[in-house]
Amino acid sequence: MTKPTITIKICCGTMCYIMGGAELHLLKEHLPAHIAPLVKIEGASCLGVCQDDNEDRPPCVMINDELIPNATIQKIITHITKQL
């Protein structure tokens, strides 16, 4: 079995959840078959980035150590594909 090389942390904080993060929990179902074994998906109680007055808008996701604001399933898949 292939060991995951990419860790995705999906923020489950209230703001991220209501701004579209609930949909992100379906990510595993949308990953292409050749990418899915390389990805580990975790929930995070709050990443704490969308509460500041900055450009990082919810929902937020961390891919390895890189923040992805305004995350969508397609945006995450595109980012993962570029990393591989």
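The values are calculated or read from the model by the stated rules, or taken from the named source; none is laboratory data. Note that the coordinates shown come from a computational prediction; the quantities given were computed from them, not determined experimentally. Glycine also receives a Cβ, built like all others from the backbone with ideal geometry; neighbour counts cover every protein chain displayed. All accessible areas refer to the heavy atoms of the entire protein, side chains included, with ligands and DNA or RNA removed. Shrake-Rupley method; radii C 1.70, N 1.55, O 1.52, S 1.80 Å.
Quick notes
- For first residues located in segment 1-30 and over 11 Å from Ala44 (Cβ atoms) and open to solvent by less than 90 Å² (accessible area, probe 1.4 Å), partners that are polar (S, T, N, Q) and at pLDDT below 90 and lie 6+ apart or on another chain with Cβ distances below 8 Å form the pairs Ile6/Gln83.
- Residue check for Gly43: part of a helix (DSSP H, G or I) and within 11 Å of the chain's Cα centre (by Cα): no
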